[in-house]
Structure formats: structure tokens, C-alpha cells
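The values are calculated or read from the model by the stated rules, or taken from the named source; none is laboratory data. Nothing here was measured: the structure is a model prediction, and the numbers come from that model. We place every Cβ from the backbone using ideal geometry, glycine too, and count neighbours over all the protein chains shown.
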Amino acid sequence: MTHMNRRRVLRGILNGGAVTVGLPLLDCFLNTNGTAMADGKPLPIAFGTWHWGLGIARNVFEPKTTGLNYELTQQLLPLKDVKQHINVLTNFTAFRDSAPAICHHTGWVIARSGNAPRTNGDVVETIDVTTAARIGRTTRFKILAASAVNNVRETFSYDNPTTPNTAETSALGLYTRIFGPDFQDPNAPTFTPNPAVMVRKSALSGVMNDIKDVEKVVGAEDRARMDQYFTAVRQVERQFEQRLTKPEPIAACHSPKALGEDIKIGTEVELVSSRHKTMASLMAMAVACDQTRVFNLYYGGFDHTKLGYEKPHHACTHEEPIDEKLGYQINHAWFTMRSIQAWAEYVKVLADFKEGGGSLLDRVLVMGTTDVGEARIHSIDHLPILMAGRAGGKVKTGYHVDGGGTSIARIGYTAMRVMGLDIPNWGTNSNNTSKELGEILV
């Protein structure tokens with residue numbers, strides 16, 4: 001092996017099936033400063049979306065000041081360790097004009113498409129699809145999407161009103177998709193995946209010879225980076241081994257009647273958060289290996305439950321009274337804080353994934369949306385959006401920006417311009433905009 005390039009993947013055979021494992025961005029692919037590819041081309045930028053449900057409680061979410069030195073509010077406290085990597089954008093409006101107000105739908109649709117829907121299924125092309133047409137055409141996955149919510153019908157990505165793009169709802173399924181065989185015939189009469197074989201023996205074991213060959217020709221820092229990367233891959237693999245390995249017999253245990261379908265994963269916040277963490281790590285690996293440049297991750301929130309509390313999050317927003325002393329719904333505030341904590345954990349995964357002299361966050365931009373503003377009344381004004389990443393040096397981070405009631409489509413328009421889309425404006429009617437968020441642009 002005398003030549004390597006950015007598209008190189010490690011290939012091998014595992015139990016008769018092909019496995020591929022991509023390489024992270026090694027120093028040998030970069031210039032001497034670690035700021036561009038070795039041939040002088042800029043590092044590939046990537047765009048992601050993230051979503052949490054049921055909005056905010058304004059009086060404990062919105063910072064009182066704008067700019068760099070804003071103070072984190074109660075609901076934003078989970079961001080304290082990643083504040084320098086993100087921008088908090090508040091007080092934006094989803095203008096519906098003559099369209100009806102569709103609860104839990106209108107807000108996020110306008111944020112992601114610039115268009116006010118007239119029915120629950122009315123979603124024109126969303127921002128991830130538009131962006132993927134520009135930057136995602138040459139990667140293995142034009143768009144890679146996963147959801148910590150166990151509902152395949154819930155998606156925030158559309159080609160058009162009749163073509164939703166479903167997200168992978170299983171962490172193991174996402175792992176298998178990224179590290180499993182390159183291709184499965186969609187026209188085959190049957191399909192029986194066997195991820196247990198791959199996970200037990202590890203996809204890495206199938207490409208071990210290729211790993212050793214690469215290590216012979218790269219420098220010490222790249223060998224260390226490869227070790228860090230493959231260790232992270234193996235850690236994710238180990239998370240599945242317990243579920244895929246037969247446990248030791250227990251005399252008091254009796255098998256129940258076989259289920260006709262997979263056991264549903266619970267909605268309790270701890271379970272959802274655990275699945276979300278694993279999916280976040282897998283997404284980071286996929287982007288780092290240039291398997292995709294457009295990625296969607298959904299945390300959810302609508303049906304989340306809390307131990308010791310009888311109502312799911314959505315019912316809580318409607319039925320929980322506002323605490324007279326605190327001025328907000330206590331349990332809703334707890335659910336929202338857990339959502340923000342999940343976002344912070346995702347950002348930290350991206351920040352900790354080292355590339356060259358920086359991290360994965362240096363070349364990505366992730367836009368986090370929600371469906372409503374003030375949760376108690378399900379408003380579509382005072383909508384917040386969270387953003388992370390510097391998009392190849394085009395975006396400044398660490399800011400709070402007050403949108404002043406302007407259209408939330410400005411954020412999507414700014415993101416697409418940052419991603420290199422040459423569009424003079426975006427959105428329809430009152431959401432049509434050509435005004436970028438200059439406060440966060442370099």
C-alpha cells in the first residue's frame with residue numbers, strides 16, 4: 001500500500017459477508033496545518049438537523065441579554081460545557097398567513113421548509129433534502145437519518161408531501177447500516193439480517209489486516225487517531241453484545257409466549273436518552289468517515305415519560321398547572337431540560353471527535369428545531385432554534401441572537417447559504433426571506 005486518499009475504506013470478509021469500515025480524517029489526508037486536504041481542497045462541510053418536541057417555557061429558557069456574554073438560563077444550564085460551540089437563537093416566528101394553525105406541525109414545517117402547511121401532511125422539500133442535492137451527491141448515504149423515538153412514521157424530512165424520508169429507529173439497525181454489508185438487494189423475496197454475527201465477532205475483525213497495512217504507512221499521530229477511532233467503534237459494538245448473547249440460565253425464569261413483533265423500546269426518558277447517545281456517536285462516526293454529509297437525528301419528546309410522574313410529556317403541557325410561585329410548569333420544564341441535555345451531549349460527541357488541529361464541529365453545522373414556542377399554549381411565535389458548529393470557519397459560535405419576531409425561515413436560509421447554496425431567497429409569502437443572520441456569520 002503506497003497510496004491512500006480520503007475515500008479509502010477498509011474492506012474485509014466476515015462469515016462470508018462483506019464488511020466495510022471507513023477511515024477517520026487522518027493527518028496524512030490534510031495539509032501541514034490540518035486546515036485543508038493535502039491537495040489544497042477545503043475540508044468537506046456537512047449539515048445536520050436535530051429535533052426536540054414541545055418547545056420551551058420562555059421565562060426559564062430565553063436569555064435576558066444577547067451576544068457573546070449572555071447568561072445561561074435555568075433550562076439552558078446543560079449547555080454550560082458546550083456553550084462555546086453553539087448559538088442560541090430565540091424569538092423567531094412561523095408566519096402561517098392564511099394557512100390554518102396545525103398543532104405540532106406548522107412550526108417545524110416552516111422552520112425546515114419555509115412554507116406554511118395547509119394540512120397535516122403538507123410538507124414541501126425540507127432543508128436537508130435541498131442541502132443534500134448540493135453537498136451530498138457523492139457520499140455513500142445522500143442523507144443519513146436516525147430517531148431515538150421508536151416510531152417509523154415520525155419524520156421531519158420530506159422530498160415532497162407524498163415522499164417522506166423515514167429515519168432508522170434502532171441503534172443496532174443504524175450500526176448495521178453503517179458498518180454492515182455495502183448492499184442488500186431490495187428486490188430479493190426475503191431478507192433475514194443477522195447483525196448478531198457481525199457484532200459478536202466485530203466488524204473490525206473483518207478488516208484487521210487492512211488496518212495493519214494502513215498503520216505501516218501513516219505517522220505516529222495518525223496511528224494514535226486511528227486507535228482512538230477504532231476504540232470508539234468497538235465500544236459501540238460492545239454495547240450491543242449483551243443484548244445479542246445468550247444469558248446464563250436462571251432457574252426461576254420462564255420464557256413468555258413468543259411475541260409476534262419486536263419488543264418496543266420504552267418511552268421513559270432514561271431509555272430514550274441512552275439510545276440517543278449511541279445514535280449520536282454513530283452519526284459522528286459516519287460523518288467523520290465521509291459516509292454522509294447530510295445527517296438528521298431526532299430526540300423526540302412527545303411521548304416521553306418520567307419515572308414517578310403519571311403523564312407523558314405532551315399531556316403534561318396541556319394539563320399541568322403553572323406553579324404560582326415559579327411561573328411555569330415544573331414537569332414540562334424538567335422534560336425540556338432533559339431535551340437540552342441530550343442536545344448538549346450530542347454537541348460534545350462532535351466536539352470530542354478530533355480532526356487535524358480541531359474537531360468535527362469545525363466543519364459541520366447542525367440546526368436543532370422544535371415544533372412550538374411556549375409549550376403551555378403551543379404557540380408558533382417565540383420559536384427557538386439551537387445551532388452548533390462552525391461550518392468550515394463560516395460561522396461564529398457562542399452567541400445568543402434575538403430574532404425580534406422575524407421569520408424562522410431566516411435561520412434555514414442562513415444555513416443553506418453557509419452550505420454553499422446559491423439561492424437569492426427562501427420561503428413563501430411572509431416567510432420568504434433574503435436576510436441572513438449576520439450576527440453569527442464570519
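So here's what we get for this one:
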| read-out | value |
| --- | --- |
| Residue ID - farthest from residue 293 (Cα to Cα), chosen from residues in segment 39-71 that are outside any loop (DSSP other than H, G, I, E, B) and among the aromatic types (Phe, Trp, Tyr) | 52 |
| Any hit, segment 304-316, residues being out of contact with any strand residue (DSSP E or B) (no Cβ under 9 Å at 6 or more places or on another chain) and of a type in the set (S, T, N, Q) | no |
| All positions within segment 52-77 that are under 19 Å from residue 349 (Cα atoms) and buried (at least 20 other Cβ atoms within 10 Å of the Cβ) | 52, 76 |
| Residues within segment 358-379 that are β-branched (Val, Ile, Thr) and surrounded by fewer than 19 Cβ atoms within 10 Å (Cβ to Cβ), tallied | 1 |
| Residue selected from segment 407-438 under the condition β-branched (Val, Ile, Thr) and buried (at least 18 other Cβ atoms within 10 Å of the Cβ), by the criterion nearest to residue 83 (Cα to Cα) | 411 |
| Count - residues of segment 72-85 that are in contact with a Gly (Cβ under 9 Å, 6 or more places away or on another chain) and assigned to a loop (DSSP other than H, G, I, E, B) | 0 |
| Answer residue from segment 189-212, given it is at pLDDT 65 or above and of a type in the set (S, T, N, Q) and is surrounded by the most Cβ atoms within 10 Å (Cβ to Cβ) among those | 205 |
| Check on residue 255, more than 24 Å from residue 80 (Cβ to Cβ), at pLDDT below 95 and of a type in the set (Ser, Thr, Tyr) | yes |
| Residue, modelled with the lowest pLDDT, within segment 122-155, restricted to residues that are among the charged types (D, E, K, R) and in a loop (DSSP other than H, G, I, E, B) | 140 |
| Which listed residue is at pLDDT 95 or above and closer than 24 Å to residue 412 by Cα, from 73, 93 | 93 |
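Matching residues to (1) surrounded by fewer than 17 Cβ atoms within 10 Å (Cβ to Cβ); (2) without any contact (Cβ under 8 Å) to a residue 12 or more places away in the chain; (3) in the same structural domain as residue 383 (by TED's automatic domain parsing):
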residue	(1), (2), (3)
50	no, no, yes
102	no, no, yes
118	yes, no, yes
131	no, no, yes
138	yes, yes, yes
148	no, no, yes
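Residues are listed down the side, and each one gets a yes or a no for (1) at pLDDT below 80; (2) among the hydrophobic types (A, V, I, L, M, F, W, C); (3) more than 28 Å from residue 363 (Cα to Cα):
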{"residue": "214", "(1), (2), (3)": "no, yes, no"}
{"residue": "222", "(1), (2), (3)": "no, no, no"}
{"residue": "226", "(1), (2), (3)": "no, yes, no"}
{"residue": "236", "(1), (2), (3)": "yes, yes, no"}
{"residue": "241", "(1), (2), (3)": "yes, no, yes"}
{"residue": "285", "(1), (2), (3)": "no, yes, no"}
{"residue": "297", "(1), (2), (3)": "no, yes, no"}
{"residue": "304", "(1), (2), (3)": "no, no, yes"}
{"residue": "321", "(1), (2), (3)": "no, no, yes"}
